[in-house]
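Remarks on the structure that follows.
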Amino acid sequence: MGVRTWIQDWPVYRQLSGGDPLGRGAAARSRTTDGLRARTATADKVVKSICPYCAVGCAQDVYVKDGKVVQIEGDPDSPVSRGRLCPKGSATLQLTTGSARRHEVLYRPPYGTDWERLDLDTALEMVVDRVLATRRETWQDEVDGLRVNRTLGIASLGGATLDNEENYLIKKLLTGLGIVQVENQARVCHSSTVAGLGTSFGRGGATTFLQDLQNSDCIVIEGSNFAEAHPVGFQWVMEAKARGAKVIHVDPRFTRTSALADLHVPIRAGSDIAFLGGLINHVLSTGSDFREYVLAYTNAATIVGEDFRDTEDLDGVFSGLDPDGGHYDPLSWQYEGGDVQAASGERDTLYEERARNSAVSAAGHSEAHGSGGARADRTANSDPTLEHPRCVYQILKRHFARYTPEMVQEVCGIAPEAFREVCEALVANSGPERTTEFVYAVGWTQHSVGAQYIRTACILQLLLGNIGRPGGGIQALRGHASIQGSSDIPTLFNLLPGYLPMPHAHAHEDLDSFVDAVKTEKGFWGNMRAYMVSLLKAYYGQAATAGNDFCFGHLPRLTGSHSTYETVLAQLDGVCKGYFLMGENPAVGSANAKMQRLGMAKLDWLVVRDFSLIESATWWKDGPEIETGELRTEDIGTEVFFFPAAAHTEKSGSFTNTNRMLQWHHTAVEPAGDARSDLWFTYHLGRRIKERLAGSTEPRDRAILDLAWDYPVEGPLAEPSAEAVLAEINGYGPDGAHLSAYTELKDDGSTSCGCWIYCGVYADGVNQAARRKPHTEQDWVAAEWAWAWPANRRLLYNRASADPEGRPWSERKAYVWWDAEQGRWTGHDVPDFIPDRAPSYRPPEDATGPDALSGIDPFIMQADGKGWLFAPAGLVDGPLPTHYEPQDSPVANPLHPHQQRSPVRQLFARDHNRYHPSGAEPGAGVFPYVVTTYRLTEHFTAGGMTRWSPYLAELQPEMFCEVSPELAAERGLVNAGWATVVTARGAIEARVLVTDRMAPLRAGGHTVHQIGLPYHWGPNGYSTGDAANELSSIALDPNVHIQEVKALTADIRPGRRPRGPELLALLADYRLRAGITERTGTEVRG
Amino acid sequence: MSSLIGRNLLAGAEPDPAGDAGYGDHPPRMGFFTDTSVCIGCKACEVACKEWNAVPEDGLELTGMSYDNTQGLSADTWRHVAFVEQTRPLPAAPDHSGVDVFALAAGEPDGSAAGARDSHSAAPQAQQGADLTVVPSPDGRTELRWLMSSDVCKHCTHAACLDVCPTGALFRTEFGTVVVQEDVCNGCGYCVPACPYGVIDQRPSDGRVFKCTLCYDRLGDGMEPACAKACPTDSIQFGPLEELRERAAGRVAQLQAAGESGARLYGEDPDDGVGGDGAFFLLLDEPEVYGLPPDPVVTTRDLPSMWRHAALAAGGLLGGLAAAFAVFGTDRKG
């Protein structure tokens, strides 16, 4: 540096010589300042990715410098997120590169008191040993004389945070091993969605996509805290609002969503069916339904069989109830003149009936028996005047007649004025010119009648003509990056990929009898055999031939429910001995957390794959039961393996967002240390197992040996190619070419396809999920961004956006319409219909499958092509929704005074799972308050991906409860002080927020106080607190086995909870005072 | 340079702070417009800021003040979302029948015209809304409002922090923003009491001061600040200050027409006590409700006159002294 430069660099020189006489600008700049560059600008590469938190599916740019991720932020090209991220998405750099992540395998030997280190290879070999041994010891060839071909000795939980490709391999490998207890977060979050939407419309996914919210004239957010749980998706609500839409939030709490809504309607948790039923009653009693839509596109005119009896006839229950067994025989709910199969939900209920009829039908006598579903002449069984007393429309009218504004007030605590405002908004914003959209999330799903919550909204939206139309529909907001994907490619016990049902154990069941029993006669489920055979070809490859029924017999069989909650009981009973946790934290996140931990304490071995040492990995040394003395570390025989998992930035794969859109994320860097993807773990586990069993002649090993398991591996870690897995999921034709549509699938074994609804995602050998054409370069539907199932359709059932003649209902709401000149459907989206099927087309009577769809059947997966106002099949708790109180409720059911709860709810009367007295039952006053649980913006589910992040932890640093000033006064609670919340199951402490946002309501004749509890906390991590799930019981929806955690009862008292054995004494005292026994709350009738 | 002579550079009209800080050919002045009427309180701004700028986490304290556990701006918090729970009436919802949403969706001018028509048609209703008194619910409660607002350094036109900085650590950038140079700051702390908003703050661990840089490094590479980029609802908007002021004026008019009578801008006025803020706000209530000073004044406003007075006093003193010596000298001679 010359003297001259040195002098010129001197700030004083610059100040005196330049234009900055005060030396506060250019003259004051330091050399460091002059050299400043954004680290994004100096990065070596930018890798395209997708946010790993909720299911909005925000696109991310991952910046890599010198082999390290240096920044993660939003990708502005995304049509969904437009470059924005919520606090969690903004914290993904800390999540993926922070010090909270573990990178070494840990091992806890039986009865050990601390972790030990193991090398990855040894640990994996040990897991192989244990899988094979447990499988051998617990194998079942038959149960009750029926072939089951399985083991209940091993279970797996987790998948919603994983990639589709990982879920595919997990389900494939475990199914190959005969493991049926395969479950993930989708069970506990949105399983009721699949049953509710699926039975109503034909598919179990949200009917629309987030950007379409901007076209809504009215948005009703209920059962969802949209702004808090899906902040980036909420931008589309704000768009709609800016364009004049009315935004209504119906919720027990005034939340950040309510703050932005035009109207907040406080509601008692657990009473939404009564509210929605009231809206239905308003629409029906005022004749405000969209009659032309209802007549053409729903089953309103269909006549139901004579044997059907409604809850209004039978004092709160439907016909077919077995009062001893606590379940329904759904036969009497069928249409007159024939049974139809549901497109979703429980499809095995009528197996024997249908199998028998189908055998008869094959013999040519089906007509004589009046069976065959929609093959029966529809016109003969319907009344287009809607006047027949047994037509669905009239049944609905009678069923909902008592859901008056007064009843709504009595049940929900909603003032008639607020109710009327919602009624008027809905009716004014529905019809040919306008549309209303409903948005919900787990506030609706997690109830003992969760599927029926969704059904109620489906009925309302069908009556208003809002399904399949822009700005309309039902938006199910899912909460994990790929929880839609882990339903589509299910790590779920009851499903195979593409919502094919897992076979139950039946006598003489072969592929044909299975397909005949579960398929629909009409519509695209009529082609189920092609989907099933193609899946079996993808699973078993060369081994699957027509001669061996395509290895259908290899599939393990179900005998009832094997959901994650039954699995916990199986663990407690010593039946289930080995457990894989793949990115799920049930020790905190599942209902009745204590039973989850006690179940794990009975295991022989446990494999935990996660980023950090979550509660499910460490309960044996520091869980709540150690503190109370219920368990002693030295006495626990469970072997625990901890495998560090790779982050989304460290592996390639696809996430399916909440609107069925598959988006690919690319590997940015290799995972460090022992961290590996779940694809790697599953593939190499399977490879080693197959190598060990090579040459085995044991019949039980045939399925795993036949399993097609050849995947190319890449890179230094021998990572299996996720693209190769996606290509298998997409499927291959007879010539080995990539398939482009599920309509190409054959039932003769010439095609293979790992998930028929994903067929087309690898069309032309191109990864369509990786498409990233900026939204600024396409229309608002953005069809060239990624790929959505089915067939890249973004708005489902969009045939219904046109009138029966195929014309848009209005110019304002035009979306898809019939182009008579071209002889094709056309519009803004891929038509969700047979492309060249004219509106005027009527099928011949003997047509089946898609050929049987008429030109006015927009619901192409449904057995009758119609939206189901009344569900004659598919649900085990009734063809119509009816209000029942939650399992634990302070209110006596005002609607059905003699039927407090759903008669067929699924209960487990066991130790540690005691239920509360309700309503007027003696002892109910011991637990006088309603508790509802929820998420906060700043945290994620059970906290495994947020409580360890300092930037998120500091925003919501502690477990808290929210109470009204009135309740605070009643119980002596002080803002920012401590409170203890108590149920029969557990007691937790929380800091208190006293807020007007929690309003007491009047329901059932008295004041009901509600307590809000976020459920993110647990004892581990950077921010710690008690887990809300210590309070919840296992009380389930019988359709889908989802837990009721959105509405329960509790007591609250000031101060912190007792520690150690005193905590147990407190709980025992409460149970004693409430008179709780194993029979409490378990009645079927009454 | 010549234009600077004779002007008070510490207060009053200042249309070109960057130019007057020695940047001849400089980009337009950039700033933030934070529209709190669409803030959902998600705190993405807080996290995005900390991630980008590697600002340390600063304490796990549940405050009991609504959802605000951040409490305020500090050396370790450069964006802070305030939460204010109020019980007061909400305005009546405007009638939007007649809006062509598809035209709007397509971005057609018709759509925006429809939108404008709509806000006019909403005006009569808005008056109705304004007439509403607080209607208590049956149990005596009133309607709720939950205000959320993301606060940040105001990047004042006349920034006292910068005026008092003795080391030149604080400087005005070519974008007109005010930034601390961490390599220059010596931790004297003079700037801390100088800030009329209480924004700038010393980090206890090393004594230096830290605050929002409006992501100076990102701006240099043509990027927007991290908080504005992340903001899910575009509550935080970044851009040339002139454009933002125009947009904000339109937005406040729209809200007022829709019955949001409390809507107002804060810090946008070039004639206010700090010469207008580079980061200004649309608020729905009085600034004090959000913890903002109602009438901030640059604390160095009077510095020139103080110096003048001091100079005068010194001059007088010197003159007196000289006179005294002169007299004394005369006496000696005499």
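Some points to look at:
- Note on chain A: dipole from Cβ charges, positive end direction compared against A:860, A:778, A:64; the farthest Cα belongs to A:64.
- The stretch A:1029-1086-the stretch A:229-287 distance, computed between alpha-carbon centres (Å): 30 Å
- Charge dipole (Cα centre; +1 on Lys/Arg Cβ, -1 on Asp/Glu Cβ; no other charges) of the stretch B:4-81 amounts to roughly 160 debye.
- Cα centre as origin, Lys/Arg/Asp/Glu Cβ charges: the protein assembly as shown dipole, Debye: 1960 debye
- Counting Cβ atoms of other protein chains within 10 Å of each Cβ in A:853-866 and taking the mean gives 0.
- Radius of gyration, Dmax [the stretch A:191-484; alpha carbons; angstrom]: 19.7, 64
- Out-of-range pairs (alpha-carbon distance over 24 Å; input A:537/A:690; A:773/B:229; A:621/B:50; A:171/A:1046): A:621/B:50; A:171/A:1046
- The calculated FRET efficiency for the pair residue A:104 and residue A:622, based on their C-beta separation and a Förster distance of 25 Å, comes to about 0.85.
- Nearest-0.05 FRET efficiency for residue A:692 and residue A:750, computed from C-beta distance (R0 45 Å): 0.85
- By average C-beta atoms within 10 angstrom, highest first, the peptides A:187-196, A:492-501, A:779-788: A:187-196, A:492-501, A:779-788
- Every helix of 4 or more DSSP H residues in chain A counts as -39500 (n - 2.57), and over all residues that averages to -7500 deg cm²/dmol at 222 nm.
- Most tightly packed first, judged by the mean number of other beta-carbon atoms within 10 Å of their residues, the peptides A:818-831, A:799-812, A:619-632 read A:799-812, A:619-632, A:818-831.
- For the stretch A:45-97, convex hull of alpha carbons as volume per residue, Å³: 62 Å³
- Distance (nanometres) between label positions extended 7 Å along Cα→Cβ at residue A:780 and residue A:911: 6.0 nm
- Over 15 Å [Cα-Cα, the stretch A:971-1019], rounded percent: 57 percent
- The separation of the stretch A:417-444 from the stretch A:1-53, counted between C-alpha centres, amounts to 55 Å.
- Working note: Cα gyration tensor of the stretch A:906-1073, eigenvalues times five, square-rooted, sorted largest first, giving semi-axes of 24, 20, 17 Å.
- With the highest mean first, a sort of the peptides A:18-26, A:112-120 on other beta-carbon atoms found within 10 angstrom per residue produces A:18-26, A:112-120.
- Taking a straight line from the alpha carbon of residue A:68, these aspartates and glutamates sit under 18 Å away, with near neighbours fewer than eight places off in the same chain left out: A:44, A:650, A:670, A:674, B:51.
- Model label points for residue A:313 and residue A:840, set 7 angstrom from Cα along the Cα-to-Cβ axis, are 4.2 nm apart.
- Shielding of peptide A:13-22 by partners, expressed as the average count of other chain Cβ atoms within 10 Å per residue Cβ, is 5.
- With a 10 Å cut-off around each Cβ of B:31-43, the average count of Cβ atoms from other chains is 5.
- Proximal charge balance of residue A:636 [Cβ under 13 Å; K/R count +1, D/E count -1]: -3
- Lys, Arg +1 and Asp, Glu -1 on Cβ, resulting dipole of the stretch A:736-885 about Cα centre, debye, nearest 20: 460 debye
- Segment residue A:133-residue A:632, length gained on full extension (0.36 nm per residue, minus Cα span): 177.0 nm
- Here r is the Cβ-Cβ distance between residue A:573 and residue A:68 and R0 is 41 Å; the resulting FRET efficiency, rounded to 0.05, is 0.30.
- Summing charges over all other residues whose Cβ lies under 14 Å from the Cβ of residue A:729, with Lys and Arg as +1 and Asp and Glu as -1, gives -3.
- Maximal additional length on extending the residue A:1085-residue A:737 stretch stands at 119.5 nm, based on 0.36 nm per residue less the C-alpha distance.
- Within-15-Å neighbourhood charge of residue A:164 [Cβ basis; K, R +1; D, E -1]: -2
- Measuring between their Cα centroids, the stretch B:170-228 and the stretch A:728-795 lie 50 Å from each other.
- Label-zone membership for the stretch B:179-203, site residue A:9, 7 angstrom Cα→C-beta point, backbone N under 20 Å: B:181-186
- Spin-label model, residue A:766/residue B:314: points 7 Å from Cα along the beta carbon direction are separated by 7.5 nm.
- In units of the compact-protein estimate 2.2 N^0.38 Å, the protein assembly as shown shows a Cα radius of gyration of 0.96.
- If both residues of a DSSP beta bridge must be in the protein assembly as shown, then about 65% of such bridges are antiparallel.
Each reported figure results from applying straightforward, stated rules to the coordinates on display, with no laboratory input. From a predicted model like this one, the values you see are computed outputs, not experimental measurements. All Cβ positions, even for glycine, are placed from backbone atoms using ideal geometry, and neighbour counts span all protein chains on display.
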